[in-house]
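The values are calculated or read from the model by the stated rules, or taken from the named source; none is laboratory data. As the structure is a prediction and not an experimental result, all values here were calculated from the model. Quick reminder, even Gly has a Cβ in these numbers, built from the backbone with ideal geometry, and neighbours come from all protein chains shown. For accessibility, only protein heavy atoms count, side chains too; no ligands or nucleic acids. Shrake-Rupley method; radii C 1.70, N 1.55, O 1.52, S 1.80 Å.
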Amino acid sequence: MEEALGVVAVFGSIFGGVVAILNVSGRNKIQVLREKRLLAEAQRPVALPAPAPADPHAASALALRLPEPQRSVALALLCQLADAPASLDARSRYLIEQTQAEYLPETLRAYLDLKDGARQRLSVQGMNPETLLSEQLGLIRQGVQDALLLDHEAADRVLTQGRFLRERFQITASNEDAALPPHALLKV
């Protein structure tokens, strides 16, 4: 009987060890398979959605929906507005800010909101929506370029100085001859 119990104990320990090894091995295999799946998912290229602009009604988002060549013109205009120097005088700065905040977005929105009926109506009148948009973008671009080139404060200083000098050295009828340049007084 003791021999039988010894044989059962040996076979039981062998059988129990095999079951324990298979159980641990199976758990490890499951863990390894999970890790492989996660790794494969991480390496799989994922199509990321395009980043949405903060405001879908912003001029940059609207410009991307335009046809070419108007898209390029609008994007170049946006770059020009963004690159405008901070040292502009107040009037030029106001024009640049208004163009960026209102004038350009409203122009783009008006074009993009055209429905088929409105396009047909424009065509009947002999107008092409794309041509109209190009003209409007050209007007905005010219206004921005003028604002960037003009220095209103310098012009104002020249005009103010001129008014000051006219008031200070006001020419009266009695001293008209003194106000004339010397070569005008010479009689030949």
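Points worth noting:
- Net dipole in debye of the range 57-169 [+1 Lys, Arg Cβ; -1 Asp, Glu Cβ; about Cα centre; nearest 20]: 180
- Phi angles across the range 83-94 convert, under the Karplus curve 6.51 cos²θ - 1.76 cosθ + 1.60 with θ = phi - 60°, into 3J(HN,Hα) values of 8, 4, x, 6, 8, 5, 5, 4, 5, 5, 4, 4 Hz, Gly and Pro given as x.
- Computed with a 1.4 Å probe over protein heavy atoms only, the accessible surface of the range 57-169 comes to 65 Å² per residue.
- With every protein chain in place, the range 57-169: carbon and sulfur % of accessible area (1.4 Å): 57
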